[in-house]
1. Show me the strands (runs of 3 or more DSSP E) found entirely inside the range 1-42 where at least 1 residues are touching a residue at least 40 places away in the same chain (Cβ under 8 Å) and more than 14 Å from Tyr94 (Cα to Cα).
2. Please find, among Gly55, Gly26, the residue that is at pLDDT below 95 and either exposed (fewer than 14 other Cβ atoms within 10 Å of the Cβ) or in contact with a Cys (Cβ under 6 Å, 6 or more places away or on another chain) (or both).
3. Test of understanding: among Tyr37, Tyr79, Tyr94, which residue is aromatic (Phe, Trp, Tyr), out of contact with any Phe, Trp or Tyr (no Cβ under 7 Å at 6 or more places or on another chain) and either open to solvent by less than 40 Å² (accessible area, probe 1.4 Å) or under 30 Å from Ser121 (Cβ atoms) (or both)?
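The values are calculated or read from the model by the stated rules, or taken from the named source; none is laboratory data. Everything numeric here is computed off the predicted structure, so don't read it as measured data. For neighbour counting, all protein chains shown are included, and Cβ atoms are generated from backbone atoms with ideal geometry for every residue, glycine included. Just so you know, the surface numbers come from the protein's heavy atoms only, side chains and all, with ligands and any DNA or RNA stripped out. Shrake-Rupley method; radii C 1.70, N 1.55, O 1.52, S 1.80 Å.
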Amino acid sequence: QVQLVESGGGLVQPGGSLRLSCAASGGIFSTSIMGWYRQAPGKQRELVAAISSGGSTNYADSVKGRFTISRVNAENTIYLQMNSLKPEDTAVYYCNSDRVLIQGRWFYDYWGQGTQVTVSS
């Protein structure tokens, strides 16, 4: 069974930092594009950052220079280091894998359950 499990969310003051983790299991993710998305109340889910299997990254303009995405393929894990957090970063953060290889077949678009990040004083 494929699982993406996020952790590391919580309450932090403006200007603070958090590090999110996403542990993937149940298949081979090493060639997948993996990413972090977020959804704030009343808003659509949006891409925060993505990383390819080779380490190429893409960020939303709103988080460039503050957030860093990384991955450890051997551990099927990705991270999101979030610095200089702002109240507008408050959202549920979701981990995504565009595909996973299971017993020689590709399956597409897996999501974690989400982790809440709240930035407030």
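1. Values: elements: 3-7, 10-12, 18-25, 34-39.
In the range 1-42, the matching strands (runs of 3 or more DSSP E) lie at 10-12, 18-25.
2. Gly55
3. Only one candidate passes the filter, namely Tyr79.
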